[in-house]
1. Which one of these is of a type outside the set (Val, Ile, Thr), at pLDDT below 65 and either under 24 Å from residue 304 (Cβ atoms) or open to solvent by 20 Å² or more (accessible area, probe 1.4 Å) (or both): 377, 398?
2. Looking at 285, 312, can you tell me which residue is farther than 30 Å from residue 217 by Cα and assigned to a helix (DSSP H, G or I)?
3. Only residues that are closer than 25 Å to residue 569 by Cβ, part of a strand (DSSP E or B) and touching a Ser or Thr at 6+ places or on another chain (Cβ under 7 Å): list them for the range 58-72, please.
4. Does residue 100 qualify as being open to solvent by less than 20 Å² (accessible area, probe 1.4 Å), within 21 Å of residue 157 (Cα to Cα), in a strand (DSSP E or B) and touching a strand residue (DSSP E or B) at 6+ places or on another chain (Cβ under 8 Å)?
5. Which of the residues belonging to the range 536-583 are within 26 Å of residue 339 (Cα to Cα), among the polar types (S, T, N, Q) and at pLDDT below 80?
6. With the condition kept exactly as written, say whether any residue in the range 137-155 is among the charged types (D, E, K, R) and open to solvent by less than 40 Å² (accessible area, probe 1.4 Å).
7. How do the pairs read when you match residues in the range 90-116 that are under 18 Å from residue 464 (Cα atoms) and touching a residue at least 12 places away in the same chain (Cβ under 8 Å) with residues anywhere that are in a loop (DSSP other than H, G, I, E, B) and basic (Lys, Arg), using Cβ under 8 Å and keeping only pairs 6 or more apart or on different chains?
8. Does residue 341 satisfy being at pLDDT 90 or above, among the aliphatic types (A, V, I, L, M) and surrounded by fewer than 21 Cβ atoms within 10 Å (Cβ to Cβ)?
Amino acid sequence: MASATYLFSRLFYSMLCSCRAFVFFSSAISKELVMDIKKDMEVLTRLGALREMNLEYFPIDSQGFITNNERALEELFGDEENNHKGVTCLNVMAKRIATVFASLREFPSVRFRAAKSLDATTMTTFQDLIPTKLAAGIWDCLVKYKKSIPNFPQTETCELLILDRSIDQIAPVIHEWTYDAMCHDLLNMEGNKYVHEVPGKSGGPAERKEVLLEDHDPVWLELRHAHIADASERLHEKMTNFISKNKAAQIQHGSNSSSEMSTRDIQTIVQALPQYSEQIDKLSLHVEIAGKINRIIRESGLRELGQLEQDLVFGDATTKDVIKFFTMKEDITHENKLRLLMILASVYPEKFEGEKGQNLMRLAKLTEEDMNIVPNFRMLGGQPVTKKSLTAAFGLKFDIHKKKHAARKERPGEEEKWQLSRFYPIIEESLYDVLVCDEWMFIQELLEKLMKNELSKEDYPCLNDPSPSYQGSPFSGPVNQNPHSMRSRRTPTWARPQGSEDGYSSDSVLRHASSDFRRMGQRIFLFIVGGATRSELRVCHKLTEKLKREIILGSSSIDDPSQFITKLKTITTHEISLDDIQI
């Protein structure tokens, strides 16, 4: 404590006497430090403000945030003899999540996935209790906020549902074919930062330029959730429309028709139109990005791989098809082979028991390090796989009367306009094709039931029974029928759009949220422990429009496939015995 006060003293003494310091803490500070500061008159006289901001989270877009617990997979899902690291991780995570509600002045009804044993003879493990423990930690913080933060709500204003990564192990590794997901999967971006080369000034050498693909870019905002084929077509239409309406561009291009223009032609024209520099720069940037992605798809043979991935997930392919693919496509990258095997392990876990799994990995010519990742991936199921609980170990359950061995159901009425657009994260299970099973109900159904106050209290208990005045769950008819949802929605102003070193902007979680959200019902916060995916973030945007409730996704991190695989390498595994389990 003395060192902290000394630090303050050195900071303020280094300033001119006429200057005042305005100090803001992102997290809570101890009462002892506050008292020490008050006692030091040299420090006190120079303070213009000293405030706690409760901002221990990082917004990733208008409806998503992370707590930056990058080692959550290792510390929570690793099979260690003692769970000290896991407990510490959950405590830190709970405090950071709570600051989201403190900064937004929201008081949630806290719900979580209850721990479930695989059968009557299996004991509950630490991994089973992750959502339960996190919910308890968040609730402890919220109770303190009710007493200490001025104007903090005393009754429920929103809903929080806590899940973990075991809910869906396929989404983090399958190739997602939307523009956003492809950018982060194939272009080695750092956060939302994309680096590219632009022509040098006055004919000089090319220069490196960094841009952030975020909500302030209208082209990105429009195309990020579109299929890459759709995004490419729309970009071409935008560019050709722009050129057709601009006389200078028409003169520049001469008599060639728009159908004959190449990407290089378009970029050349774009550079000759400085009066439209901002719009043109954004269009040409995305034309370049889409062109690079399509080139990688062609050169890497991703279409055929993506088709096999989706066929596995929907039960239209088997282990034999994977073996045939490995035999015929020896030039596929090690990472793509590994991702395909991880999907296979989710759909057919019995194929990875004993020597069978080793043989498959040898056929794929995986390195020894990569071969250890598949068992680590299976650890996310929470229990060793046995023939008695093959499907439950992966959070999936299949109808024994079905012929297909599938991890997803086809969605009636969903038209597949673009090739390879069949796959959807489990959180997008169709409202009209409700899948109810003993172990799981999928997240879109959960959200609908949550709004109607029909969610099972046994499977998804609530730490705080909503007060009689709370009317956030019932939902029918026009969105403005809920009297308690009409309160003024606070649009946070604690940050302004600007770049940052980690590739993310410091923009507020809801700063760019639609004004329509203010007329919606209470927000729904969905938190996934162990990392979320771009596809899951996309689903939250989609469901917000569909369900007319603003859904905000939170997670310990947001991981692209390569990041997720790297984190899986850190999980240590060993056989579990009853002696390992602490109650």
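1. Only one candidate passes the filter, namely 398.
2. 312
3. Taking the range 58-72 as the starting set, the residues that turn out to be closer than 25 Å to residue 569 by Cβ are 58, 60, 66-72.
Filter once more, so that each one left must be part of a strand (DSSP E or B): 58, 60, 66.
Matches in the range 58-72: 66 only.
4. When the stated conditions are applied, residue 100 does not pass them.
5. 572, 573
6. no
7. 105/490; 106/523
8. It is false that residue 341 is at pLDDT 90 or above, among the aliphatic types (A, V, I, L, M) and surrounded by fewer than 21 Cβ atoms within 10 Å (Cβ to Cβ).
The values are calculated or read from the model by the stated rules, or taken from the named source; none is laboratory data. This is a predicted model, so every value here is computed, not measured. With ideal geometry, Cβ positions are generated from the backbone for all residues, glycine too; neighbour counts draw on all protein chains shown. These area figures cover heavy atoms from the full protein model, side chains too; ligands, DNA and RNA do not enter into them. Shrake-Rupley method; radii C 1.70, N 1.55, O 1.52, S 1.80 Å.
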